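These notes concern the structure reproduced below.
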Amino acid sequence: MKKLVSAMLLLMAALTFLWGAPAMAAGDAASGAAVFSTNCAACHAGGRNVVNPQKTLQKSDLEANGMNSAEAIITQVTNGKNAMPAFSGRLTDKQIEDVAAYVLSQSEKGW
């Protein structure tokens, strides 16, 4: 019985770790760098934001604005918001996933 309880606790801990971990982008950050350079860098060079300087791509700003997950970035890039245009139709889903991976990767490195 103790082995069963121990096994169940271990399974619960593993599931919590796997599903409770922060969402990371499934895309390819290296490919995302090229897409970012071509499509995003005009407004977001070096992780900045020339339109709204308070909403940069720096890790602290992404966290403060609820944009620190691949899903949030993918939604923003796909649909646009405020002054940011939608890139749906201009970029493929894969390119958008790659950009999200790149942005999260760069934010972790401090740009």
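Of all residue pairs spaced 6 or more apart or on separate chains, those with beta-carbon atoms under 8 Å, a first member in segment 68-94 that is within 20 Å of VAL51 (Cβ to Cβ) and a second member that is assigned to a strand (DSSP E or B) are GLN76/MET84; VAL77/LEU91; THR78/SER88; ASN79/SER88.
Scanning segment 54-106 for residues that are more than 18 Å from SER31 (Cβ to Cβ), within 12 Å of the chain's Cα centre (by Cα) and not hydroxyl-bearing (Ser, Thr, Tyr) yields GLN58, LYS59, LEU62, GLU63, GLY66, MET67, ASN68, GLU71, ALA72, GLN76.
Filtering segment 2-55 down to residues that are assigned to a loop (DSSP other than H, G, I, E, B), at pLDDT 50 or above and small (Gly, Ala, Ser), which residue is surrounded by the fewest Cβ atoms within 10 Å (Cβ to Cβ)? Residue satisfying both the conditions and the ranking: ALA26. The set of residues from segment 97-111 being touching a residue at least 12 places away in the same chain (Cβ under 8 Å), within 24 Å of PRO53 (Cβ to Cβ) and assigned to a helix (DSSP H, G or I) comprises VAL99, ALA100, TYR102, VAL103, LEU104, SER105, GLN106, SER107, GLU108.
The values are calculated or read from the model by the stated rules, or taken from the named source; none is laboratory data. What you see is a predicted model; the values in this text were computed from it and never measured. Counting neighbours? That spans all protein chains shown, and the Cβs are built from the backbone with ideal geometry, glycine included.
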